[in-house]
Amino acid sequence: MIVRPDDYDPYSHAAMADPEPFYAALRETGAPHYLPQYDAWAITCFDDVTRASLRAHALDFTRGQTPGQVLLGEPVPATFMTLNQEAHRRWRNVLAPYYTPAGVAAEEARLTELSRSILAPLLAQGRMDVFGDFANRVMVFNAGYNLGFPEQDAIWVRERIDDMMHREPGQVGMVSARNQEAAGALFGYLHQFVGGLRAEPGRALRHTKALIEAEVDGQRLSDEEMVSNLFSLLVTGSETTPMAVAGTIYYLARHPDQKRRVLADPGLAGAAFRETLRFDQPTNMLARYVHSDFELGGRQIRAGQRLLLIYAAANRDETRFERAHDYDLGRYAGNGAIVRDASFGAGAHFCLGMHLALTAGTIMVRQLLEAVGDFELIEAGCRRAYGEFLAGFTQVPIQFQPIDGGRGQ
Ligand code: HEM
């Protein structure tokens, strides 16, 4: 399909179904592209996405982070992510120790065991959906563990999030009855959960305990803020990593030479996971509200306008990555491990969960490949997310030789 930059609308059916041709046309302009219908700029070049991310002081995060919040006026949850500058930094620091390399390393054995326990029963079946049966469950249980939810609630919570995120073809924003009912049920659950912890503070665990006990500049979080933070941590902590695990298995199946490489050397699992993030970025884009004027890529950005930071487009920038449209895990192998890409953003709001995502993603891809060995993709059963915000696979069924007890487990 040939498209022109002016054809781009993040909420058009064509862009939500397959944004790549639009991103190629936008990148070709070499500059931010103005979208008059949203008074917004679509930013697709790697350097521009990075530079805009580093201008946090010129942006107003209280107006939201997601395209729905910033472009469509959807409600903005009151979390540390939607605070500006010093307040953002101080509240983010409440959780930061859990997400440093050392914080994540302390959880590695538990993550490995969690992943193994979910994978093991699937091996005898000779068939699994890498997203739904495996990776998504691991990340949901992990997010539930971090926040101190009862284990049996984690899957229920996950289903509500899926229903909230679901978009029918052509649907703009979170407006369907299915979205609204799920949001109502989930927020109701979280309010009850927080209410229970207020009554019995000793029951708060880990990240929730840190948040509920934190006092920053003499302020504590209200119930509403606690609920918003828990909700946002659930979504960010469980949504994108499984998409990238499923995507890694998909792209390895579609590139047999690279599949053979990783099967021969499972130490390359992390390189394959990172190349999948670059090649098929699950956080397709985030949005920003502009607080004060600045120049970007030769364009004058004005206060009151919006920015779309399109990470997925930046990760395919031909001026940044050689053979940008080839899937090549070799980029991240050996010395390539330090390649700088747009997968986790940049600047003050840089992804808090990067080390967790890389560690958990690598564990899951490696365990799966070591256990099943060679496998076949059931291409007809693969499904992708639809919408402007998240991208990637939500169903990747594979089949393999059934395994008794699990090779390499
Ligand atoms: C492969 C999986 C993931 C990808 C691709 C990803 C990507 C991103 C990106 C692009 C941003 C925006 C960064 C910016 O504004 O410059 C972000 C923010 C964030 N991510 Fe992730 N993320 C992933 C996994 C996770 C996980 C597992 C967590 C765990 C809780 C997490 C928590 C967050 C949080 C809290 C923010 C907001 C940070 C802030 O505003 O200070 N992410 N992520």
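The values are calculated or read from the model by the stated rules, or taken from the named source; none is laboratory data. For clarity, every value in this text was computed on a predicted model and none was experimentally measured. Counting neighbours? That spans all protein chains shown, and the Cβs are built from the backbone with ideal geometry, glycine included. When the accessible area is computed, the model is the full protein with side chains, heavy atoms only, and any ligands, DNA or RNA have been set aside. Shrake-Rupley method; radii C 1.70, N 1.55, O 1.52, S 1.80 Å.
Taking I155 as the residue in question, decide whether it is closer than 17 Å to V235 by Cα and surrounded by fewer than 16 Cβ atoms within 10 Å (Cβ to Cβ).
yes
Could you please let me know if D48 is closer than 22 Å to Q300 by Cβ, among the acidic types (D, E) and away from the ligand (no atom under 14 Å from the Cβ)? So that I can check it myself, show each step before the final result.
Working: closer than 22 Å to Q300 by Cβ: yes; among the acidic types (D, E): yes; away from the ligand (no atom under 14 Å from the Cβ): no.
Spelling it out, it is not the case that D48 is closer than 22 Å to Q300 by Cβ, among the acidic types (D, E) and away from the ligand (no atom under 14 Å from the Cβ).
Look at V140 and say whether it is in a helix (DSSP H, G or I) and under 22 Å from V157 (Cβ atoms).
yes
How many residues does the range 264-278 contain that are more than 13 Å from the ligand (Cβ to nearest atom) and open to solvent by 30 Å² or more (accessible area, probe 1.4 Å)?
4
Go over the candidates F279, F273 one by one and state the one that is in contact with a Ser or Thr (Cβ under 9 Å, 6 or more places away or on another chain) and in contact (Cβ under 8 Å) with a residue 40 or more places away in the chain. First the steps, then the outcome.
Working: F279 fails: in contact with a Ser or Thr (Cβ under 9 Å, 6 or more places away or on another chain).
Within the list F279, F273, the selection yields F273.
Of the numbered conditions (1) farther than 20 Å from A214 by Cβ; (2) assigned to a helix (DSSP H, G or I); (3) open to solvent by 50 Å² or more (accessible area, probe 1.4 Å), R90 fails exactly one; give the number of that condition.
Every condition holds for R90 apart from (1).
Can you confirm whether the range 18-29 contains a residue that is within 16 Å of the ligand (Cβ to nearest atom) and either within 17 Å of A312 (Cβ to Cβ) or surrounded by fewer than 17 Cβ atoms within 10 Å (Cβ to Cβ) (or both)?
The answer is yes; a qualifying residue exists.
Across the range 143-152, what is the total count of residues that are open to solvent by 30 Å² or more (accessible area, probe 1.4 Å) and either of a type in the set (F, W, Y) or in contact with a Gly (Cβ under 9 Å, 6 or more places away or on another chain) (or both)?
Number satisfying all stated conditions: 3.
All but one of (1) open to solvent by 40 Å² or more (accessible area, probe 1.4 Å); (2) under 21 Å from R383 (Cα atoms); (3) touching an Asp or Glu at 6+ places or on another chain (Cβ under 9 Å) hold for I161, so report the exception by its number.
(1)
Give the residue that is farthest from the ligand (Cβ to nearest atom), with candidates limited to residues of the range 279-293 that are more than 18 Å from A360 (Cβ to Cβ) and not hydrophobic (A, V, I, L, M, F, W, C).
So, considering only residues that are more than 18 Å from A360 (Cβ to Cβ) and not hydrophobic (A, V, I, L, M, F, W, C), the one farthest from the ligand (Cβ to nearest atom) is D293.
If you check L221, L186, which single one turns out to be touching a helix residue (DSSP H, G or I) at 6+ places or on another chain (Cβ under 8 Å), under 26 Å from N93 (Cβ atoms) and crowded, with 20+ Cβ neighbours inside 10 Å?
L221
Of all residues in the range 369-393 being under 21 Å from the mean Cα position of the chain (by Cα) and away from the ligand (no atom under 16 Å from the Cβ), which is most open to solvent (accessible area, probe 1.4 Å)?
Initial filter on the range 369-393 (under 21 Å from the mean Cα position of the chain (by Cα)): 382-393.
From what's left, away from the ligand (no atom under 16 Å from the Cβ): 382-383, 386.
Values: C382: 20, R383: 118, Y386: 51 Å².
The residue in question is R383.
Report whether or not R167 is of a type outside the set (S, T, N, Q) and in a helix (DSSP H, G or I). Break it down into steps so the answer makes sense when it comes.
On the way: of a type outside the set (S, T, N, Q): yes; in a helix (DSSP H, G or I): no.
In short, no.
Name the pairs: first residue in the range 182-195 and over 16 Å from L147 (Cα atoms), second residue not aliphatic (A, V, I, L, M), Cβ to Cβ under 7 Å, at least 6 apart or on different chains?
Close Cβ pairs satisfying both conditions: A182/R160; A182/D163; A185/R160.
Select, from A348, A357, the only residue that is open to solvent by 40 Å² or more (accessible area, probe 1.4 Å), modelled with pLDDT of 95 or more and within 30 Å of L72 (Cβ to Cβ).
So the residue among A348, A357 that is open to solvent by 40 Å² or more (accessible area, probe 1.4 Å), modelled with pLDDT of 95 or more and within 30 Å of L72 (Cβ to Cβ) is A348.
Among what's in the range 60-104 and is of a type outside the set (S, T, N, Q) and without any contact (Cβ under 8 Å) to a residue 12 or more places away in the chain, pick the residue that is farthest from the ligand (Cβ to nearest atom).
G73
Residue by residue through the range 322-338, note down the ones that are without any contact (Cβ under 8 Å) to a residue 12 or more places away in the chain and open to solvent by 20 Å² or more (accessible area, probe 1.4 Å). Walk me through how you get there before you give the answer.
Within the range 322-338, the subset without any contact (Cβ under 8 Å) to a residue 12 or more places away in the chain is 322-326, 334-335, 338.
Selection gives E322, R323, H325, D326, G334, N335, I338.
Does the range 37-87 hold any residues that are closer than 30 Å to E215 by Cα, open to solvent by 50 Å² or more (accessible area, probe 1.4 Å) and of a type in the set (D, E, K, R), and which are they?
Listed by number, the residues that qualify are R55, R63, E86.
Testing V140 on (1) open to solvent by 30 Å² or more (accessible area, probe 1.4 Å); (2) under 18 Å from the mean Cα position of the chain (by Cα), one condition comes back false. Which one is that?
Single failed check for V140: (1).
If you check G173, G202, G218, which single one turns out to be out of contact with any His (no Cβ under 9 Å at 6 or more places or on another chain) and touching a residue at least 60 places away in the same chain (Cβ under 8 Å)?
So the residue among G173, G202, G218 that is out of contact with any His (no Cβ under 9 Å at 6 or more places or on another chain) and touching a residue at least 60 places away in the same chain (Cβ under 8 Å) is G173.
Hey, does the range 305-321 have a residue that's open to solvent by 10 Å² or more (accessible area, probe 1.4 Å), farther than 23 Å from R340 by Cβ and not β-branched (V, I, T)?
Looking through the range 305-321, at least one residue is open to solvent by 10 Å² or more (accessible area, probe 1.4 Å), farther than 23 Å from R340 by Cβ and not β-branched (V, I, T).
Applying the selection to the range 201-243, what residues are assigned to a loop (DSSP other than H, G, I, E, B) and within 30 Å of F273 (Cα to Cα)?
The one that is assigned to a loop (DSSP other than H, G, I, E, B) and within 30 Å of F273 (Cα to Cα): E239.
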